[in-house]
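Each reported figure results from applying straightforward, stated rules to the coordinates on display, with no laboratory input. What you are looking at is a predicted structure, and each value in this text was computed from that prediction instead of being measured. Cβ sites come from the backbone with ideal geometry, for glycine too, and all protein chains shown count toward neighbours.
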Amino acid sequence: MTKPLAAALLLAALALSASHAAAKDWNDSAELSVISANGNTKTQTISGRNVFTYDFSDKTKLEVDAGGNGARTEGKVVAEQYFASEKVSHKISDLNYLFERYRWDRDVFAGFKHRHNFSAGVGRELWRTDKDLLIGEAAPGYVNQERIGDNTRSFASARFYGKYTRQFSETSKFSQDAEYTQSLQNSDDSWINTETALIAAINATFSVKNSFLWKHISRPSPNKRKDDTVVSVSLIASF
């Protein structure tokens, strides 16, 4: 395990301890996936994520999301990616809300040293039933990024996001996230992130999450592919 990822997991554990002792306004969810293969090949893969939320009031909410993943084959690092984000949202009606969001990404193997992405806009509950929820967001933004072998670039952007959740039962649910970000400086520069997930509860604290993540970059770094996919099974602890 790399030192940065180990540090991230340690922070997640500390956040779990804090949230467990805090008031009910705090909620925390941490997920971990570890794979170790030994024999004809030696491969270690680990991924972790922590989502921490705090309700300032009935209308205002903070969400902090951080995680990363890494992989080694025969002692050589073949994948390493980290991210961290914060989001504050404020309801202005039963269906509509305002928000600001900041996210940092680092994925050297995909050709990015860093990407800072800030946006502020509006969101709306488009469809709600007892078991279904569909939300949509739209926001102008600002991106600062540095690719390997290139200078740091900054530009205005437009971000669109949607999420659908379906509660099958008290112990299982489905979710689908989709995010599209477009550079307003270069029409050929955009990226898409999606996650399809199915979560089943084991008990009041632990759940199992099966997920498929797809990332698409329209203008990848030289010798890099446009698409990355990750299939994972993770253990989630919620407090």
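Find the all-direction average of the projected area of the Cα convex hull for the stretch 82-137, expressing the result in square nanometres with one decimal place.
Its Cα hull, projected and averaged over all orientations, spans 5.1 nm².
Output needed for the chain: three equivalent-ellipsoid semi-axes, defined as square roots of 5 times the C-alpha gyration tensor eigenvalues, in descending order, whole Å. Provide the component values of the computation, followed by the final result.
Working: eigenvalues 155, 132, 57 Å².
Values for the chain, descending: 28, 26, 17 Å.
What pairs from Lys61/Lys215; Lys61/Lys173; Lys61/Lys131; Lys163/Lys215; Lys61/Lys87; Lys42/Lys76 go past 18 Å between their alpha carbons?
Lys61/Lys215; Lys61/Lys173; Lys61/Lys131
How far is it, in nm, from the label point at Arg124 to the one at Val208 when both lie 7 Å from their Cα along the line to the Cβ?
So the two model labels end up 4.0 nm from each other.
Work out the length of the dipole vector of the chain about its Cα centre, built from +1 on the beta-carbon of each Lys and Arg and -1 on the beta-carbon of each Asp and Glu, and round it to the nearest 20 debye.
Dipole of the chain, to the nearest 20 debye: 520 debye.
How large is the helix-only mean residue ellipticity at 222 nm for the chain, computed as the sum of -39500 (n - 2.57) over DSSP H runs with n ≥ 4, divided by its residue count, in deg cm²/dmol to the nearest 500? Display every interim value, and only then the final one.
Numbers: 1 runs with 19 residues, N = 239.
Value at 222 nm, helices only: -2500 deg cm²/dmol.
Taking the alpha-carbon set of the stretch 29-114, what are its Rg and Dmax in Å?
17.9, 59
Using a Cα-Cα cut-off of under 17 Å, which aspartates and glutamates could be cross-linked to Lys209, ignoring same-chain neighbours fewer than 8 residues away?
Within the straight-line cut-off, Lys209 pairs with Asp28, Glu31, Asp65, Glu170, Asp177, Glu195.
May I ask you to compute the full-extension gain from Lys224 to Lys113, defined as 0.36 nm times their residue separation minus their alpha-carbon distance, rounded to one decimal in nm?
38.6 nm
Assuming R0 = 35 Å, what is the FRET efficiency of Arg166 and Asn186, from their Cβ-Cβ distance, to the nearest 0.05?
Values: r = 37 Å, r/R0 = 1.05.
After rounding, the FRET efficiency stands at 0.45.
Pop out the ³J(HN,Hα) list for the stretch 209-223 in order, Karplus 6.51 cos²θ - 1.76 cosθ + 1.60 with θ = phi - 60°, rounded to Hz; leave Gly and Pro as x.
Ordered by residue, 3J(HN,Hα) equals 10, 9, 9, 10, 10, 10, 10, 10, 10, 6, 10, x, 5, x, 6 Hz.
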